[in-house]
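Just so you know, all these numbers are worked out from the coordinates, no wet-lab data involved. Remember, predicted model here, so these are calculated numbers, not experimental data. Here the Cβ is made from the backbone with ideal geometry for all residues, glycine too, and neighbour counts use every protein chain on show.
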Amino acid sequence: MKTMTTNRTLSIALTALLLAGGLGACKPKKDKAKAETVKPPSGETEVNVLCSGPEFFTNDKVFRANNLGESMDQATSKKKALANARADLASAIQTQIKGVIDNYVNSRELNNKEEVAERFEGLTREVIDQKLVGVKTICEKQVVVNATGNYKTYVAIELSAQDLLAAYNERLSKDERLRIDYDYEKFKETFDKEMEKMGK
């Protein structure tokens, strides 16, 4: 009889320990959920921007940008949004390509590195202008601003990094001054390394 009571007491104690452990394991989830539902400070309202967020960030495969445009005319609001997004995309690409060019030129044995870098950058602007015409819209949302009756368009666009590289390669291959010093494989390797950094 004493053994049964001892076994029963042990069973109850073990059950209590397991329950306590289980409840403790649930606690971080509650804390995490609580952290995600934290409200903004008093007097501030959180703004939910359409066509925005991590899924619209540039990564190692594509360049992305998002923006908005507002107008009394629906079509004009869309044109403004696309123009703004293209300007942002062009700026991001130029910054990224400048890093690629700097690293590429510095890794090569070239006579006049400064002149070569300037020539590369001049071609970059031409290629970007050409490729921006073919950007892909990956998100588009239109709303009416209740207070004014204006239309507001949110867009997100993207451009394939490999398409840009191919267009850049084609343009560089046609340039007589740069063709002598241009090594596609080395340039592609430098480009891919810089894109990998964007993906992290």
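Over 23 Å between Cα atoms: which of K61/K193; K79/K197; K98/K188; K39/K79; K61/K197 fall into that group?
K79/K197; K39/K79
So for T45, T58, T137, fewest C-beta neighbours within 10 Å to most, what's the order?
So the residues, fewest neighbours to most, are T45, T137, T58.
I need I138, I101, I157 ordered by Cβ neighbour count within 10 Å, fewest first.
I138, I101, I157
Going by C-beta contacts inside 10 Å, put L68, L178 in order with the fewest on the left.
L178, L68
Need the list of aspartates and glutamates near K141 for cross-linking: C-alpha distance under 20 angstrom, and skip anything on the same chain fewer than eight residues off.
Filter leaves E46, E55, E70, D73, D88, E158.
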